[in-house]
Amino acid sequence: MELEKQLLCPVCLEMFSKPVVILPCQHNLCRKCASDVLQSGGSSGPGGRFRCPSCRHEVVLNRHGVYGLQRNLLVENIIDICTQHNRATTLSVNAAVSAKPRPLRLMCDEHPDEPINIYCCGCDTPTCSLCKVFGVHQDCDVAPLRQVYEEKQVEVSEGIAGLVAVNDQVQALISEMEKVCRTVEEQSRVCVDLVGRSLDGLILILDQKKQQLLSTIAAEEEQRLTHVRALTHAHTQKLQTGAQLVHRAVLTMDHQGHMATFIQVRGETS
């Protein structure tokens, strides 16, 4: 709530704890925070001075110290109202909260008695209120640790949501790729089956063609062999007839002394 932001102590950055004192510059502090600021400034005796954490105005205290500062009863009454309102709204969750282990409160290394309750935006590190007032972070911009924690939680939540969205996209892409793989495998099986059937058909046709060609070759071979054998037989007979003629011609020549016989034999052979 905006009202609660106005009730934050500039030292501890938490809601004012009573009693609330008002400084001469009209800024408010928890009395304990004012006492811590005074002690951290090196003042241990009565009175003392320190600078207002809000406006850096120098505050001069009387012999009563911070106890001599006037209480801001208006702010205390407003805090009471806010506290009662917050208590009423948190009654329903007190049981659940009490069941959870309370987080360990870290203490400052420079100021062991001070809890780490603010965040230095310039140095990007958690620190305590006194480090902001007197320490190395007095010139830095700070923010309440709870506010930074909530902002970081929002950033982490957004980052987680982004990662979940990316994971969902990756999972969807993986599912789509797996679907594509199944489609490719199915198409490959169909192609293999089609190629197998096509080749089996071609092999059958080629085998039939082969048998036809072999049968044709065998038939032509038998026809040609029959023709050649017939010619061979005819020529063999002619050869035998010629051989007989030669033999008779030779015998006729042997009878050349008898011309009448030779002429008669020649006439018979012609």
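All of the numbers you see were taken from the coordinates with simple rules; none came from a lab. Only a predicted model underlies this, so the values are computations on that prediction, with no experimental measurement involved. For neighbour counting, all protein chains shown are included, and Cβ atoms are generated from backbone atoms with ideal geometry for every residue, glycine included.
Once C-alpha pairs closer than 8 Å and six or more residues apart are averaged by separation and normalised to the residue number of the chain, the relative contact order reads 11 percent. K210: which aspartates and glutamates have alpha carbons under 20 Å from its alpha carbon, excluding same-chain residues fewer than 8 sequence positions away? Reachable aspartates and glutamates: D200, E220, E221, E222.
If you look at the Cα atoms of region 135-215, you get an Rg and a Dmax of 34.2, 113 Å. Calculated from the alpha-carbon coordinates, region 1-91 shows an Rg and a Dmax of 14.0, 44 Å respectively.
Normalised by residue count, the chain yields a Cα convex hull volume of 349 Å³ per residue. Close amide H pairs (under 5 Å, H built 1.01 Å from N) link R51 with V59, residues at least 5 positions away or on another chain. Rounded to the nearest 20, the size of the Cβ-charge dipole of the chain about its Cα centre is 180 debye, with Lys and Arg at +1 and Asp and Glu at -1. Report, ordered by chain and residue number, the lysines lying within cross-link reach of K32, taken as a straight Cα distance under 29 Å and ignoring same-chain residues fewer than 8 apart. Of all the lysines, those that pass the test against K32 - Cα under 29 Å, at least 8 places apart if same chain - are K5, K18, K132.
Pairwise inverse Cα distances across region 106-154, averaged and inverted, put the Kirkwood hydrodynamic radius at 10.6 Å.
Between H235 and V190, the distance separating the two model label sites (each 7 Å from Cα on the Cα→Cβ line) works out to 6.7 nm. If R0 equals 22 Å, the separation of the Cβ atoms of Y149 and C123 corresponds to a calculated FRET efficiency of about 0.85. Between rounded, prolate and oblate, where does region 133-182 land on the alpha carbon gyration tensor, with a ≥ b ≥ c its root eigenvalues, rounded for a/c under 1.5, else prolate if a/b exceeds b/c? Prolate shape, in that a/c is at least 1.5 and a/b is the bigger ratio. Spin-label model, Q171/T226: points 7 Å from Cα along the beta carbon direction are separated by 8.4 nm.
Simple spin-label estimate for L251 and L106 gives 14.5 nm between the two label positions (7 Å along the Cα-to-Cβ direction from each Cα). Under the membrane-span-like helix rule (DSSP H runs whose alpha carbons stretch at least 27 Å along the helix axis, mean Kyte-Doolittle hydropathy -0.5 or higher), the chain yields 145-254. Only helices enter the 222 nm calculation for the chain: every DSSP H run of n ≥ 4 contributes -39,500 (n - 2.57), and dividing by all residues gives -21500 deg cm²/dmol, rounded to 500. Taking amide hydrogens as placed 1.01 Å from N in the peptide plane, the amide H of T127 sits under 5 Å from those of N117, I118, Y119, C120, each at least 5 positions away in sequence or on another chain.
Under the definition of Cα pairs under 8 Å and six or more residues apart, what whole-number percent is the relative contact order of region 1-91? Taking the mean separation of contacting Cα pairs over the length of region 1-91, I get 26 percent.
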